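The values are calculated or read from the model by the stated rules, or taken from the named source; none is laboratory data. Nothing here was measured: the structure is a model prediction, and the numbers come from that model. As a convention, Cβ positions derive from the backbone with ideal geometry for all residues, glycine included, and neighbour counts pool all protein chains shown.
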Amino acid sequence: ETGVTQSPTHLIKTRGQQVTLRCSSQSGHNTVSWYQQALGQGPQFIFQYYREEENGRGNFPPRFSGLQFPNYSSELNVNALELDDSALYLCASSLDGFENSPLHFGNGTRLTVT
Amino acid sequence: AQKVTQAQTEISVVEKEDVTLDCVYETRDTTYYLFWYKQPPSGELVFLIRRNSFDEQNEISGRYSWNFQKSTSSFNFTITASQVVDSAVYFCALSEAPAGGSYIPTFGRGTSLIVHP
């Protein structure tokens with residue numbers, strides 16, 4: 001059974017740039033959610049995709065967008081990066097977005113915006 | 001609105017001590033789920049337990065035990081005979097039953113547990 005993998009592990013970007021983070025879900029999982037974790041804080045929900053459709057979104061601006069592909073892998077895109085976007089971005093997969101099954105997390109992508 | 005409070009920012013213990021991590025939650029819903037996750041230094045959060053609001057039975061899994069009390073809106077986590085490998089940040093999370101949408105967990109700020117040899 002393959003776990004959740006995220007790429008890249010680290011990334012440094014300049015304010016105003018755009019970034020794409022990638023996530024491969026655990027095999028058999030059809031739901032992917034993304035979280036932003038600032039230093040010393042708990043994860044904050046960004047959005048969730050279930051079978052390629054967004055089915056939940058947290059309090060993040062539209063410049064945070066995502067995709068889920070037919071193989072259930074996912075991308076998180078952030079446009080017009082701001083300094084406050086510096087954080088650990090976590091991807092989590094689960095089975096059936098409506099069933100509240102436990103989340104399986106990847107190791108995250110550490111994004112630094114300078 | 002849902003809210004999770006983990007008042008203990010950091011706890012430091014010596015190996016073999018017992019330690020309890022506190023979690024207090026707020027919700028207006030009668031149906032909800034509570035979770036605990038562990039985040040080791042490697043970064044990924046590891047699922048430990050899920051309880052629904054209708055099941056108040058305490059649970060024990062090896063050295064881990066959980067005490068769910070609806071009367072005080074608490075879901076505390078105890079590690080017995082702590083070990084150095086237990087050192088991590090522990091998060092409590094709450095998700096309410098969706099109104100036609102998906103479950104979206106709210107995480108507490110986490111408690112950093114440091115176990116010294």
Return yes when residue A:39 is among the hydrophobic types (A, V, I, L, M, F, W, C), modelled with pLDDT of 90 or more, surrounded by 13 or more Cβ atoms within 10 Å (Cβ to Cβ) and out of contact with any Cys (no Cβ under 9 Å at 6 or more places or on another chain) and no when it is not.
no
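Between A:111, A:83, A:67, which is in contact (Cβ under 8 Å) with a residue 60 or more places away in the chain and either out of contact with any Phe, Trp or Tyr (no Cβ under 7 Å at 6 or more places or on another chain) or among the charged types (D, E, K, R) (or both)? Walk me through it before giving the result.
Values: A:111 fails: either out of contact with any Phe, Trp or Tyr (no Cβ under 7 Å at 6 or more places or on another chain) or among the charged types (D, E, K, R) (or both); A:67 fails: in contact (Cβ under 8 Å) with a residue 60 or more places away in the chain.
The match here is A:83.
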Residue A:67 being more than 10 Å from chain B (Cβ to nearest Cβ) and either more than 19 Å from residue A:8 (Cα to Cα) or over 14 Å from the mean Cα position of the chain (by Cα) (or both)
no
Condition first: touching a Phe, Trp or Tyr at 6+ places or on another chain (Cβ under 7 Å) and outside any strand (DSSP E or B). Now tell me which residues in the stretch B:51-96 satisfy that.
B:53, B:56, B:58, B:73
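Can you find, within the stretch B:40-75, the residue that is nearest to residue A:8 (Cα to Cα) among those that are β-branched (Val, Ile, Thr) and modelled with pLDDT of 90 or more?
First, the residues of the stretch B:40-75 that are β-branched (Val, Ile, Thr): B:46, B:49, B:60, B:72.
Those left that are additionally modelled with pLDDT of 90 or more: B:46, B:49, B:72.
Values: B:46: 20, B:49: 29, B:72: 43 Å.
Looking at residues that are β-branched (Val, Ile, Thr) and modelled with pLDDT of 90 or more, I get B:46.
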Only one of these is modelled with pLDDT under 95, outside any strand (DSSP E or B) and among the small types (Gly, Ala, Ser): A:93, A:101. Name it.
A:101
What number of residues within the stretch A:73-90 are within 13 Å of the chain's Cα centre (by Cα) and either in a loop (DSSP other than H, G, I, E, B) or at pLDDT below 95 (or both)?
1
